[in-house]
1. Test each condition in (1) in a helix (DSSP H, G or I); (2) farther than 15 Å from residue 500 by Cα for residue 459 and report the one that comes out false.
2. If residue 146 satisfies every condition in (1) closer than 20 Å to residue 252 by Cβ; (2) away from the ligand (no atom under 16 Å from the Cβ); (3) touching a residue at least 40 places away in the same chain (Cβ under 8 Å) but one, which is the exception?
3. Looking at region 131-151, which of the residues that are out of contact with any helix residue (DSSP H, G or I) (no Cβ under 8 Å at 6 or more places or on another chain) and in a loop (DSSP other than H, G, I, E, B) is surrounded by the fewest Cβ atoms within 10 Å (Cβ to Cβ)?
4. Scan region 426-437 for residues that are modelled with pLDDT under 90 and outside any helix (DSSP H, G or I) and report the count.
5. Sort out which residues of region 631-642 are surrounded by fewer than 14 Cβ atoms within 10 Å (Cβ to Cβ) and within 17 Å of residue 609 (Cα to Cα), and write them in order of number.
6. Out of (1) within 16 Å of the ligand (Cβ to nearest atom); (2) at positive phi, what's the single condition that is false for residue 138?
7. Taking the condition surrounded by fewer than 19 Cβ atoms within 10 Å (Cβ to Cβ) and under 30 Å from residue 431 (Cα atoms), does residue 371 pass?
8. Go over the candidates 512, 519, 500 one by one and state the one that is part of a loop (DSSP other than H, G, I, E, B) and either within 38 Å of the chain's Cα centre (by Cα) or at pLDDT below 90 (or both).
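The values are calculated or read from the model by the stated rules, or taken from the named source; none is laboratory data. Quantities reported herein were computed from a predicted structural model and do not represent experimental measurements. Because the Cβ atoms are built from the backbone with ideal geometry, glycine has one as well, and the counts that use them run over all protein chains shown.
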Ligand code: IVH
């Protein structure tokens, strides 16, 4: 029994501390997933020992305590919380409970919404005028934040239209978009101020300003998702109907809400939103399922903290806690040194994470990270996992602080910090084996010379055994040298030599890109190839002539000049193009030979699998026709090319009214411009 006492006390203390940091300090230290787990553990323990429930237990209240700086107000109707569903089984059980409670055989009409990750507010309109805005507080008592809320442009100060109720309370979420958040943090950093941990905390912190002028400068927005108390006036009888009515009165509601009939539709909606969540531009942490008929909602009623007619089906957490084993320092192709956190493996949203980037020396300073620290790692969308923060309180005694090295970990050369940049670089250049390996990996990669079978591990071996120093050496490898290598053998060695032979026939832009000149990506390489037509012309260009190339600025020109003037590079280039090795490409276009660029200025995005060519080939041909090809869809995209099994971009394009073309239409375009389209064809 003493043990249970102890456990209960410990869980309550942890949860109280976390809630204090989250609600009062706006500086959370626990990931939400960990908070949820502790809360579930406490609930289960209290269920097993109900006589030990105390009135101040975190399970007994809805949210954080009201803060003193603002006037407290009583909510006319309590602002409830939502039951959390974490798995499909939870979700199906919830839906089944609804059917049973309503004794309903037919699938129930439901409403699916985004679970916005911001700050819940209640807005009170009297005769159409915004008279009060309040936070949720503990659900019964909140804080009046009217002055601050009045600065948010998404929130109408006066409702439009007629037949407005005398009193209308609506509930919704104030939040910050990711773009707004990034901008705010960039500004904070410039001023040397503290960064916000995430958009939700930034929104909460912005609403807690005593000076509304500060709130006004914060990029806050609002979406309305529910009803509070209403007096005098008629409202539709369904939740969906209310949302439409709100919209007509000028209140913003989400375009992502959907009416759903039955369990299958709910699961499908969950899938759909899970896939699109990172394209929304703002954070959500799940979906909310609501019974649509207000009459049925009333019939179902509420429990202490949450209604029975709604629940949140949460996404797998994006953040988890784990231990930092150590930090390694990786040297990239251009010598930039990136610290990488080696972690105790942890599953985040279904994927095991073992490493996370720590970006640069500034980030190491910001985090004040120590070996053995407990860290929060985050995986959002397709980005590389990040270390978000360190929980300093959990640091083992005597832990060693992580320091940025003062010499290159691969070649011990000195390091230099680029002016105005966070990056630190090894000065070793080509004597640095790490840089050599990375530039060879880049040279052989799919978008560069595309040398099939020449993977990372093989390159490591070739450099370590000093069989290869430069890109030219790759083409001098012999069967005898290759066969004894680990994981090789005669067949693979023969295949590799054939692949090397094949790679010699390339295109000028690919070749330029393969050289791995800093800042020279595929697009710049293409512009350079188009502009100069030949390597000799490029090599004899001065800085002024380089800057004359589209999209080549001073930075790119300097790197190019530096690279091309370097005697060692000149030697390697000459060797690659010599008859002995024989790298070659068809005569590229010279700018004045290009009759026109039929797709000039047209911005394309590709999604899904194409049949008759790869995405990369389609991209190259579009670029050759003067089009721009981007990975991200935005309002400024002109065309979306859709293949089989398109991703979430399709729905987004439909929403933004961006014209959609299929593979056939694309091929027709290429066929009507065969000359430009084919000149850059690479395979
Ligand atoms: S309805 C009685 N709808 O989730 C129902 N809440 O965990 C109460 N939230 O305090 C809320 N998106 O801050 C509702 N579409 C949505 C929501 C939503 C986010 C938040 C809200 C609420 C919390 C409950």
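1. Answer for residue 459: the failing condition is (2).
2. The single condition residue 146 does not satisfy is (3).
3. 140
4. Pass one, region 426-437, residues modelled with pLDDT under 90: 427-431.
This time we only want the ones that are outside any helix (DSSP H, G or I), so: 427-428.
Summing the residues that are modelled with pLDDT under 90 and outside any helix (DSSP H, G or I) in region 426-437 gives 2.
5. Of all residues in region 631-642, those surrounded by fewer than 14 Cβ atoms within 10 Å (Cβ to Cβ) come to 631-632, 634-636.
Across region 631-642, the qualifying residues are 631, 632.
6. Among (1) within 16 Å of the ligand (Cβ to nearest atom); (2) at positive phi, residue 138 violates only (2).
7. Values: surrounded by fewer than 19 Cβ atoms within 10 Å (Cβ to Cβ): yes; under 30 Å from residue 431 (Cα atoms): no.
Taking the combined requirement at face value, the residue does not satisfy it.
8. Values: 512 fails: part of a loop (DSSP other than H, G, I, E, B); 500 fails: part of a loop (DSSP other than H, G, I, E, B).
After applying the criteria, what remains is 519.
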